[in-house]
Amino acid sequence: MEILAKQPRPKTNWILKTEILVLAFLIALLTAFNAQAQDKVTEAFRESYSLEKSQNFNAAIDKLMAVYQADSYELNLRLGWLHYQASKLDQATGYYNKAVALKPYAIEPKLGLVLPLSVQGKWDEILDIYRQILQTDPQNSLVNYRVGLIYYNRSDFAKADPFLEKVVNLYPFDYDGLLLLAWNKLSLQKSREAKVMFQKVLLNNPGDESALEGLKLIK
């Protein structure tokens, strides 16, 4: 004789209602917990800003570490900055790297990462970071200027030139861009171009000593 498998009994209305109420309660509880946790994070950020203003960087760090979440981009970015301010360069680098890992295409954590590296004179690493930024944002005038400045300080004027030209093409009346490009052109023995740049600097800042010095060298 064939034995039929027992079929599950349909749930009664009161069981379904109970399960729905339990689920709704759990959702409400989780929402309240998340809201409370977010409030604590917001308060920790507020207190950290206040402590930073009074130069109490270690206390500001402690406030954020009390609510630290490894997957929080904002916490890692802020902790990178505070550790840099506290001259804890290795820790600053670590937190900035975590922020970069969480937001690989973001520019701000990479610019933050440059801060502790520059104090340590790690210019090759900085150049690598700037190249990454320019892959995402080729027209970034700040980064183009800084790359040009690094090469200029290395007396590698040929490499500096295209980066500085891009800055001036983007911002034709920018004082810093014009002045550095002028000196770079002069270093490349492109006196005519350098003269034009120095003259533009004087339009931006009449009587500028650096531009006047450059013009004297050309004459």
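Derivation of every value follows stated rules applied to the coordinates shown; laboratory data play no part. Everything numeric in this text was worked out from a predicted model, so none of it was measured. When we count neighbours, we look across all protein chains shown, and the Cβ atoms used for this are built from the backbone with ideal geometry, even at glycine.
A simple spin-label model places pseudo-atoms 7 Å from Cα toward Cβ; at I107 and D156 they are separated by 2.3 nm. For the cross-link pairs K122/K219; K122/K216; K88/K110; K53/K98, the ones whose C-alpha atoms lie over 27 Å apart are K122/K219; K122/K216. Binning all Cα-Cα separations of the range 41-187 at 5 Å, short to long from zero, yields these whole-percent fractions: 2, 10, 17, 16, 16, 12, 12, 8, 5, 2, 0. Modelled this way, with points 7 Å down the Cα-to-C-beta line, the labels at E125 and T42 are 3.7 nm from one another. Here K200 is the anchor, and the aspartates and glutamates within straight C-alpha reach of less than 15 Å, apart from those fewer than 8 places off in the same chain, are E165, D174, D176, D208, E209, E213.
Going 7 Å from the Cα of L203 along its beta-carbon direction, which residues of the range 133-172 have the amide nitrogen within less than 13 Å of the resulting point? Answer for the range 133-172: 172. Under the convention that each Lys and Arg Cβ holds +1 and each Asp and Glu Cβ holds -1, the size of the dipole of the range 80-141 around its Cα centre is about 140 debye. Cross-link partners for K40 among the lysines, with Cα-Cα distance under 17 Å and sequence neighbours closer than 8 places in the same chain left out: K63. The base-10 log of I(q)/I(0) for the range 136-181, evaluated at q = 0.22 Å⁻¹, reads -0.63 [Debye formula, identical scatterers on Cα atoms, solvent excluded]. Using 0.36 nm per residue and subtracting the Cα-Cα separation, the extra length available between S54 and Q85 on full extension is 10.0 nm. Once every Cα of the range 74-116 carries one equal point scatterer and solvent is ignored, give the base-10 log of I(q)/I(0) from the Debye formula at q = 0.18, 0.22, 0.25 Å⁻¹, two decimals. Debye output, listed in q order: -0.36, -0.54, -0.69.
With contacts taken as Cα pairs under 8 Å and at least 6 residues apart, the range 73-178 reaches a relative contact order of 16 percent.
Scalar couplings 3J(HN,Hα) for the range 148-161, obtained by applying the Karplus form with A = 6.51, B = -1.76, C = 1.60 to θ = phi - 60°, are x, 5, 4, 5, 4, 5, 8, 6, 9, 5, 5, 6, 5, 4 Hz; x denotes Gly and Pro.
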